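Taking it in order: structure first as structure tokens, then the write-up.
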Amino acid sequence: MAYKNLIVKNLSDRLQLITINRPKQLNALNREVIGELHRALNAAESDTNIRAVILMGSGEKAFVAGADIKEFMHFTPEEGKKLSEEGQRLLFSYVEKMHTPVIAAINGYALGGGLELALASHIRIASENAKMGLPEVSLGVIPGYGGTQRLARHIGKGRAMEMILTAKMIDARKAYEYGLVSDVVPLEKLLDSAVETAEAIMKNAPVAVGLAIEAVNAAYDDSGLQKESDLFGQAFASEDFREGTAAFVERRKANFTGK
Ligand code: DAK
């Protein structure tokens, strides 16, 4: 299958590496990338030979620096809500529910939608230079791809609240302390480390691995995701959202008025 924004490579008969390849935009997720990721992940999930997938960003700077701000700044509140639901269905909830395990190899910035993609993956390993955060409120919006729900599940409500409300990034060491990532390794060893984890999983019974993912997921209630999409749409109607995204593009500090 041909992709414009992904490099899909089989590292062995059973292990696939999917690299998000928009390095000039720090691998930011636009609708096209989300659609392509859905196609690639769906193909991996349908292929019984593929027993694990590693997700990575291209280059040495970013896993994914968020949703593409230059694209979503023009959406209306209705589009915002609709696209939040669509993104959940096609990518974020889709990854979480896959029976083929997905390992996020976080090779740099994982911000906003990028961290949300890592949070939806089954395992996260970070390179030492990685930085993670949910900066959405600094743009006048809220995390819209599951971040308000999944971050708290991973690191607890208090720490999630602090990360979301301050919009600050944390480094890989702190992410490890928080339990957000299972390991931190030098950048040049990141892929090997993800492969090693995948190999340990692939020694086990594939059907049981898939069922175990489903069973672990069953402990969590998904009803908050719809609430997140509704509130996300509301944020799109605010003046602060226009100001926050315009300020990013114009490389200036946002002047929020609370409207
Ligand atoms: N979107 C678009 N372009 C981005 C980008 C992004 N998220 N992040 C970086 N870029 C682009 C920059 O604009 C720049 O492009 P040029 O100016 O060269 O054309 C290029 O990538 C390199 O970035 P910088 O020059 O800024 O690089 P620095 O090393 O100085 O800084 C940085 C790296 C990661 C700290 C900085 O780029 C940064 O703060 N990036 C933005 C991080 C961020 O706020 N991400 C978005 C979070 S909000 C939605 C659902 C969910 C969401 C949205 C919509 N719907 C359902 C509609 C989620 C929203 C988010 O993810």
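Things worth noting here:
- Each Lys and Arg contributes +1 and each Asp and Glu -1, all at the Cβ; summed about the Cα centre of the range 147-259, the dipole is approximately 440 debye.
- Scattering from the range 171-254 was approximated by placing one identical point on each alpha carbon and applying the Debye formula without solvent; log10 I(q)/I(0) at 0.13, 0.14, 0.26 1/Å stands at -0.86, -0.92, -1.13.
- Amide hydrogen neighbours beyond the local backbone of ILE54, cut-off 5 Å, H modeled: GLN16, LEU17, ILE18, ILE103
- Here's how it looks for ALA67: its modeled amide H is under 5 Å from those of LEU29, GLY113, GLY114, which are all 5 or more places away or on a different chain.
- Alpha-carbon centroid distance for the pair the range 109-154 / the range 188-259, whole angstrom: 5 Å
- Probe 1.4 Å - accessible area at GLU243, Å² to nearest ten: 40 Å²
- ILE106 long-range amide H proximity, modeled H, under 5 Å: ILE125, ALA126, SER127
- Accessible area of the range 13-164 belonging to carbon and sulfur atoms, whole % at 1.4 Å probe: 50 percent
- At R0 = 25 Å, FRET efficiency that the Cβ-Cβ distance of LYS203 and ASN42 yields, to 0.05: 0.50
- Members of LYS70/LYS131; LYS4/LYS70; LYS24/LYS70; LYS131/LYS189; LYS70/LYS259; LYS70/LYS189 lying beyond 25 Å, as alpha-carbon distances in this model show: LYS70/LYS189
- Subtracting the Cα-Cα distance of GLN234 and ARG153 from their residue separation scaled by 0.36 nm leaves 26.8 nm.
- Rounded to whole numbers, the Karplus 3J(HN,Hα) couplings from phi for the range 52-61 are 6, 10, 10, 10, 8, x, 7, x, 10, 9 Hz, using 6.51 cos²θ - 1.76 cosθ + 1.60 with θ = phi - 60°, and x at Gly and Pro.
- Taking the Cα centre of the chain as reference, the dipole from Cβ charges on Lys and Arg (+1) and Asp and Glu (-1) amounts to some 400 debye.
- By the Cα gyration tensor, the range 2-126 has an equivalent ellipsoid whose semi-axes, rounded to whole angstrom, run 23, 16, 13 from largest to smallest.
- Counting only Cα atoms, the size of the range 70-187 along its three principal axes is 41, 34, 26 Å, in decreasing order.
- Take the range 109-241 with all the other protein chains still there, run a 1.4 Å probe, and you get 46 Å² of accessible area per residue.
- Between ALA28, ALA219, ALA52, the Gaussian network model of the chain with springs among Cα atoms under 10 angstrom shows the greatest mean-square fluctuation at ALA219.
- Shown here: the chain, whose C-alpha atoms stretch 56, 39, 35 Å along the first, second and third principal axes, sorted largest to smallest.
- Dividing the summed helix terms, -39500 (n - 2.57) for each DSSP H run of n ≥ 4, by the number of residues in the chain produces a 222 nm estimate of -13500 deg cm²/dmol to the nearest 500.
- Max mean-square fluctuation residue, GNM over the chain, Cα-Cα springs under 10 Å, options VAL207, VAL141, VAL95: VAL207
- For the range 27-38, putting each phi into the Karplus relation 6.51 cos²θ - 1.76 cosθ + 1.60 with θ = phi - 60° gives couplings of 6, 4, 8, 9, 4, 5, 5, 4, x, 5, 4, 4 Hz, in residue order, rounded to whole numbers and with x for Gly and Pro.
- Charged-residue dipole, Cβ positions (Lys, Arg, Asp, Glu), the range 39-144 about Cα centre, Debye nearest 20: 180 debye
- Accessible area per residue, Å², the range 1-94 with all protein chains present, probe 1.4 Å: 48 Å²
- Per residue, the convex hull spanned by the Cα atoms of the range 136-219 measures out at 122 cubic angstrom.
- Take the Cα of ASN49, step 7 Å toward its Cβ, do the same at VAL216, and the gap between the two points is 2.7 nm.
- Sequentially through the range 131-140, phi angles give Karplus couplings (6.51, -1.76, 1.60; θ = phi - 60°) of 9, 10, x, 10, x, 3, 5, 6, 9, x Hz, Gly and Pro residues having no value and appearing as x.
The values are calculated or read from the model by the stated rules, or taken from the named source; none is laboratory data. What you are looking at is a predicted structure, and each value in this text was computed from that prediction instead of being measured. Methodologically, a virtual Cβ is constructed for each residue, glycine included, from the backbone with ideal geometry; neighbour enumeration extends over all protein chains shown. Ligands, DNA and RNA are stripped out before the accessible areas are found, and what is left, the full protein with its side chains, is counted by its heavy atoms. Shrake-Rupley method; radii C 1.70, N 1.55, O 1.52, S 1.80 Å.
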